[in-house]
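Data first, discussion second: the structure below is written as structure tokens.
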Amino acid sequence: MRKPDKVLPGDRIAISEEFLPGKHTYPDDAGLIRALAVGGVQKDMANMEISVAPSVEASMVREGDWVTGQVEVAQSNSVGIKMYYVNGERMDKDFAGTLSLRGFGGGRGARRGPPVKLGDIVRCRVFSLVNGIIHLSIDEDDMGVVSCLCGNCGRPLLKGGRERAKCDECGNVEDRKLAADFGRSPIRP
Ligand SMILES: [Zn+2]
């Protein structure tokens, strides 16, 4: 999934004897130069400087944008979302963002289970780009799951309540953080 030339924050990219740390890098105590951002490694041989060009380009995704994508990795406290649209426009590059699930579950009208699941189509707000990671949020009414499939029979789920999706086919009911327009079609990207 990760391209070979792509590094993540903390990855070692050189030893200090070979290169000087350039943009979006830092030297560690062990004499290594590590990446501070997600991106591609760039070597400036004239100055013997190594740097990371962040893969989040300011022109592609900015704080405050809304994006629509699909949950491709689900962990207990965060999910990875592969983004297909930004502000309703198709993206021509692959970008993934992270949605933290902390703060969901429990509380009033407690939802059982996670607010989003693997394979769901989700609309999110970009709330920060710290360390080259696209941090997403689904707190707003318009944000959340816009389309998902029944975990039981695989049919599209319909709206069954404010935070509940139901399957007309098999009667299965699943809890989600639904976007206000969930279940309408066509899906607003
Ligand atoms: Zn079903």
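The values are calculated or read from the model by the stated rules, or taken from the named source; none is laboratory data. Model, not experiment: these values are computed from the prediction. Glycine gets a Cβ as well: all are built from the backbone with ideal geometry, and neighbour counts include every protein chain shown. In case anyone asks, the SASA skips ligands and DNA or RNA and just uses the protein heavy atoms, side chains included. Shrake-Rupley method; radii C 1.70, N 1.55, O 1.52, S 1.80 Å.
Some values worked out for this structure:
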item	result
Rounded to whole Hz, the Karplus (6.51, -1.76, 1.60) HN-Hα couplings of the stretch 60-66, x for glycine and proline	8, 9, 10, 4, x, 5, 10
Value of Rg to Rh for the chain (Rh from inverse mean 1/r over Cα pairs, i.e. Kirkwood)	1.09
FRET efficiency estimate (nearest 0.05) - Cβ-Cβ, Glu89 to Asp29, R0 45 angstrom	0.55
Rounded to 5, the percent of DSSP beta bridges in the stretch 66-175 classed as antiparallel	90 percent
Check: the stretch 6-54 dipole with +1 on Lys, Arg Cβ and -1 on Asp, Glu Cβ, in debye	240 debye
Inter-site label distance for Thr98 and Met60 at 7 Å from Cα along Cβ, in nm	1.7 nm
Calculated from backbone phi, Karplus (6.51, -1.76, 1.60) coupling profile of the stretch 122-133 in Hz, x at Gly/Pro	10, 9, 9, 9, 7, 10, 7, 10, 5, 6, x, 9
Pairs of lysine residues in the chain - Cα separation under 24 Å, sequence separation of 8 or more or cross-chain	21
Amide hydrogen neighbours beyond the local backbone of Arg155, cut-off 5 Å, H modeled	Cys150
Carbon plus sulfur fraction of accessible area for the stretch 6-54, probe 1.4 Å, in percent	52 percent
At q = 0.23 Å⁻¹, base-10 log of I(q)/I(0) for the stretch 6-54 (Debye sum, equal scatterers on each alpha carbon)	-0.67
10 Å beta-carbon shell around Arg155, net charge (K/R +1, D/E -1)	-2
Cα pair distances exceeding 15 angstrom across the stretch 29-100, given as percent	65 percent
Shape parameters for the stretch 66-175, alpha-carbon atoms, Rg then Dmax in Å	14.0, 44
